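Some notes on the structure that comes next.
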Amino acid sequence: MKISETEKNYRLLHYSLFAAAILIHIFMFNNYLSDDIDDAWSHSFIYSYTEKGYEYDSVFRTGEVGGVAFFGKTYARVYSAVFNIFGWTKITAHGISSFFVYASIVLWYFIFRKIGLDKKQLAFLVLLFLIAEPFLSMANKTRSDAFAFFFASLSLYLFMDKRFFFSALTGMIAFETHPMGLSAFIYSFAYFLSTLAYYKDDKKRLIRDLFIFISGIALGALYYIFLHYGAFSSLGSELSDSITDAVKNYLLYYFLYSTGHRHLVDLIVFLSMFVIFVALKMYKTEKLLIFLLAGAILQSIILPRANHNYAVFAYPVFLYMAVLVATRLNKAMVILFLFFLLYTPQHIIRIEHNRQPEPLSSYSAKLQNLITDENLPVFGGGNEWYAFMERDYFHFMSLNDHPEIETCYLIIDDNFREKDIPVPDRFTKRIKVGEIEFNGEKSEILLLTIP
């Protein structure tokens, strides 16, 4: 069959944008944030739990907080298994997260294919997933988000495929990884509401499917209790602590409080899409999108957190809306090109800003050469943890929380200087051990002692 000139141009542009998206991912890998405290924080949770047996955060915050006591033991075990093969490095962590992000995009491709999108719409969606910042960010972080997002996506796919037991079970794995895993059940319920007609004349099938789904939840709950039986009695208070301030909405934080307010443009685009969606009365035929949008907003209210990273759990719905509206307007490539114009300059600037001529391993080696006494604890920032993960290491924010320490090393970097943290008065003897330069930043090492 002869391909029209218009179709040829469409394919050429599509392949060009796809190649550009792949290049952005290649150059962005391990360059999203050069000193992201979340990397070391999450990495330390995994290391402390799997290698030392600590369930709570003993590095970055003191007291019974953080760690994997309430969530994330499955994630920790999976990441740890890969670390033990390829090394306990940032690159390995980002490689694992990238795998789960790309696997999730594949799952969403099949989810939207089940919904009924055609090949062009699906190709449009895949490109949006690849270029949207939340997915690039998630792929380049050690955080548990990518793992939870993958299992939540798998749960929704299995639900749509009517494999209800395994849908519920994988949904519970997503929840065990992180409370945001609840999106698995919220989106599954949205899909259920949009397909109620399927059960209209077959109540027995409805009861049977509900029983199978609840059985999966029950087994998943037992799995959660097995992993977290020591902290299970405090789970309610742990969750309630995260919902005491409804103003902490991660969608608002993502769109309104990003650096340079760069995501305000995203908000304007999505709101415009929604206005067009309503104006064209698309809600009459696209009921699933209405339920999914309601679910995405509802989750941001149920789990209000002042953390922009969680916006990724709502983004598949927003991008789905963009595709539907763009297709209805017959402006799919125009909208796609608009998103590329919106995101690509930001990605290029970020890649250049976070590019590291000197690898982190070199910095770690320099620190280890200067800090030679392995019996003394070390206080420092996020990147410094990778040099001292096997010994007593604490983040400098907890410097005043360890009165029992009489002698220690302190690494003073730009983050420490910016926060203007006072050194405890008890350390009256402060000896400068040395100074290190790493990618243009100077770090000073002090030996603090109580005479």
| Is it the case that Phe29 is surrounded by 15 or more Cβ atoms within 10 Å (Cβ to Cβ), within 22 Å of the chain's Cα centre (by Cα) and either more than 23 Å from Leu227 (Cα to Cα) or touching a residue at least 40 places away in the same chain (Cβ under 8 Å) (or both)? | yes
| field | Search result, residues across segment 211-228 that are more than 26 Å from the chain's Cα centre (by Cα) and either of a type in the set (Phe, Trp, Tyr) or farther than 20 Å from Ile173 by Cβ (or both) | value | Phe211, Phe213
| message | One residue is enough: does segment 32-50 have a residue meeting the conditions buried (at least 19 other Cβ atoms within 10 Å of the Cβ) and over 30 Å from His402 (Cα atoms)? | response | yes
| note | Apart from one, (1) modelled with pLDDT of 95 or more; (2) touching a Ser or Thr at 6+ places or on another chain (Cβ under 7 Å); (3) not small (Gly, Ala, Ser) all hold for Tyr32; the odd one out is (1)
| request: Assess whether Ser42 counts as being out of contact with any Cys (no Cβ under 6 Å at 6 or more places or on another chain) and either closer than 20 Å to Phe175 by Cβ or basic (Lys, Arg) (or both). | output: yes
| Tell me, which residue of segment 79-132 that is of a type in the set (Lys, Arg) and in contact (Cβ under 8 Å) with a residue 60 or more places away in the chain is nearest to Tyr343 (Cα to Cα)? | Lys120
| task | State all residues of segment 297-353 that are over 16 Å from Phe124 (Cα atoms), buried (at least 20 other Cβ atoms within 10 Å of the Cβ) and among the aliphatic types (A, V, I, L, M); if no residue qualifies, say none. | result | Leu303, Ala311, Val312, Ala314
| note | Taking segment 187-203 and the residues there that are aliphatic (A, V, I, L, M) and surrounded by fewer than 22 Cβ atoms within 10 Å (Cβ to Cβ), the one that is modelled with the lowest pLDDT would be Ala197
| field | The one condition in (1) modelled with pLDDT of 90 or more; (2) in contact with an Asp or Glu (Cβ under 9 Å, 6 or more places away or on another chain); (3) farther than 17 Å from Pro359 by Cβ that Ala103 fails to fulfil | value | (2)
| message | Looking at Pro424 and the list (1) crowded, with 20+ Cβ neighbours inside 10 Å; (2) not in a strand (DSSP E or B), which single condition is not satisfied? | response | (1)
| So is Arg305 under 21 Å from Ala139 (Cα atoms) and basic (Lys, Arg) or not? | yes
| Checklist (1) more than 17 Å from the chain's Cα centre (by Cα); (2) assigned to a helix (DSSP H, G or I); (3) among the hydrophobic types (A, V, I, L, M, F, W, C); (4) over 30 Å from Gly67 (Cβ atoms) applied to Leu156, failing item | (4)
| field | From the options Leu271, Leu239, residue that is farther than 16 Å from Gly72 by Cα and either modelled with pLDDT of 90 or more or part of a helix (DSSP H, G or I) (or both) | value | Leu271
| Does segment 208-231 contain at least one residue that is part of a helix (DSSP H, G or I), assigned by TED's automatic domain parsing to the domain that holds Trp41 and of a type in the set (Lys, Arg)? | yes
| message | Every residue in segment 336-347 that is touching a residue at least 40 places away in the same chain (Cβ under 8 Å) and either of a type in the set (A, V, I, L, M) or not assigned by TED's automatic domain parsing to the domain that holds Ile37 (or both), please. | response | Leu336, Leu338, Leu342
| query | With respect to Val68, is the statement that it is without any contact (Cβ under 8 Å) to a residue 24 or more places away in the chain and part of a loop (DSSP other than H, G, I, E, B) true? | reply | yes
| task | Please go through segment 99-144 and pick out each residue that is among the β-branched types (Val, Ile, Thr) and either surrounded by fewer than 19 Cβ atoms within 10 Å (Cβ to Cβ) or in a helix (DSSP H, G or I) (or both). | result | Val101, Ile105, Val106, Ile111, Ile115, Val126, Ile131
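The values are calculated or read from the model by the stated rules, or taken from the named source; none is laboratory data. What you see is a predicted model, and the numbers here were worked out from it, not measured in a lab. Quick reminder, even Gly has a Cβ in these numbers, built from the backbone with ideal geometry, and neighbours come from all protein chains shown.
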